[in-house]
Amino acid sequence: MARKIGRVRIVDNREFYERVLQIMIPVALQSAINMGVNMLDTMMLGSFGEIQLSASSLANQFYNIFYIANLGIIGGSSVLASQYWGAGEKENARTTFNMAIRLSVLFSLIFALITWFFPGGIMRLYSTEPEVIEQGIRYLRITTFVYLIHGTSLVAAQLMRSVGVVRLGLVVSIVSFVVNIGANYTFIFGKFGAPRMEIAGAALGTLIARSSEFAVTFLYILLIDQKLQLRPGHLLKSPSSRFYGNFFRLGAPVLLSDFLLGFGSNMISVVLGHMGAVVVASNAVCQVVDRLATVVTQGIGNAAAVITGQTVGAKEYDKAMEQGETFYFLSVVVGCFAAFCVYFLGPLTFKVYNLEPETLVMARQIMGAYAVIALFGAIQSVMTKGVLRGGGDTKFLMKADILFLWIVSVPLGALVGLVLHGPAWLTVICLRIDYIIKSIWCIGRLLSGKWIHRFE
């Protein structure tokens, strides 16, 4: 059953919304906890001034490439896993997990080697200030050891959502939250007899927290879970060429587009980094608020990907269309709410930071830009990471991600920020103008019905 609002059909079924909430709430809480950890990290390092705050923010941008690459693995694999699960093919879903974890290990080793041997080169991509580069190198040396444990646990926990196990990620995040707070407080400030490590203490705290995530994730999946029943023996068996063929046919565009999105986000950091430490510190404060305000968007996006993928896997295509249009309507509502929170509530967080007056003024201006971004960010996120991806429309999404980010956003942002020396808030909007374009383009794609593709 569905009712129409304009051209959009809205599902009128309580069971559907219960399924959405079952996935959305744990994902949103998990994202909120993760953002809370980042906020506390920012607050703790902010007490040492803009240099260490900027250094940690920029150093994490390189790590974000790795993080987004893993999201690409998850995105491509979850399309396979959710459709196989929807079709009742448990063994194929297990093999998809095996393939995804192997790909994550490969990426982990590559990024770890680059970080260990070239930390100075990485930091110089983002900043020309010697103090920021020096502090960033301290941070990167320790994060070298985070890649493997975080990448594999992230992929495993996220993929469990494809088969309906949605609480694992939340439990893992709660454990990480508690461990991270304790470890950061201990090593950043030198408490309980530990040395005062400042920015290096933040990196060590992250390493300890990610290790706890790894232990909890794989203990549950390999020894306790009875739904997917993935066991150590399954991971030792190499997936067939058919699986890799399926992934690289429709899943590889997800990996490639997310990887290019990661590089694009880093280009945004490069632009802002070369505008000075004050701009970077202001943006770092605003980003935490923006991500906290958009956790519900992430939850709906995950729900859209899983539910749409399972519906398409069951060959219920008209039902998938109704669900897709409903998720679009929900994204608009949530986007408006996120924009309100960022604009009116975001500035209240400035009181907890030890920032200079110049930084506070700039942060208020940038926060207004993020309010605009939040609305369109919600629409494009639910469409690209949720509905269209769950329907297997990965090649279309790859084109959208590459074209609008690299041909419009990055060049325009660099022009305004580095050539014309425009204000930071306008530069931020230009660097994210692809959100606006993708929102409009993806709505047209949704209503056309051409986004549904099933794996065979």
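Rounded to the nearest 20 debye, what is the charge dipole size of the chain about its Cα centre when +1 sits on each Lys and Arg Cβ and -1 on each Asp and Glu Cβ?
The dipole of the chain has a size of about 1100 debye.
Taking a cut-off of 29 Å, what percent of all Cα-Cα pairs in the stretch 169-321 are separated by more than that?
In whole percent, the long-distance tail amounts to 43.
If packing is taken as the average number of other Cβ atoms within 10 Å across a peptide's residues, how do 8-15, 144-151, 234-241, 112-119 rank, most packed first?
144-151, 112-119, 8-15, 234-241
Using DSSP to call loops (not H, G, I, E or B), can you name the GluC sites (Glu not before Pro) in the stretch 313-371 whose Cβ has at most 16 other Cβ atoms within 10 angstrom?
E316
Averaged across orientations, what area in nm² does the convex hull of the alpha carbons in the stretch 116-166 project?
Result: a mean projected hull area of 4.6 nm².
Taking only the alpha carbons of the stretch 36-148, what extent do you get along each of the three principal axes, in Å, biggest first?
The Cα atoms of the stretch 36-148 stretch 55, 31, 19 Å along their principal axes.
Placing one identical point scatterer on every Cα of the stretch 385-456 and ignoring solvent, what is log10 I(q)/I(0) from the Debye formula at q = 0.20, 0.25 Å⁻¹?
So the normalised log intensities work out to -0.79, -1.02.
If the viscosity is 1.567 mPa s and the temperature 4 °C, what translational diffusion coefficient in µm²/s does Stokes-Einstein give for the chain when Rh comes from Kirkwood over Cα pairs?
58
Can you count the Lys pairs in the stretch 2-448 with C-alpha separation below 16 Å, eight or more apart or on different chains?
8
Could you state, as a whole-number percent, how many of the C-alpha pairs of the stretch 353-417 are farther apart than 16 Å?
Cα-Cα pairs in the stretch 353-417 separated by more than 16 Å: 65 percent.
By average Cβ neighbour count within 10 Å, what is the ranking of 297-307, 195-205, 345-355 from highest down?
Per-residue mean Cβ counts within 10 Å order the peptides as 297-307, 195-205, 345-355.
What number in nm² do you get for the stretch 95-251 if you take the convex hull of its Cα atoms and divide its surface by four?
Averaging across all directions leaves 11.4 nm² for the Cα convex hull.
Return a whole-number percent for the relative contact order of the chain, with Cα pairs under 8 Å and 6 or more residues apart as the contact set.
Once divided by the residue count of the chain, the mean separation gives 23 percent.
Here, each number is a calculation from the coordinates, and none is a lab measurement. The structure presented is a predicted model; accordingly, all values stated were derived computationally and were not measured. No Cβ is skipped: glycine too gets one built from the backbone with ideal geometry, and neighbour counts run over all protein chains shown.
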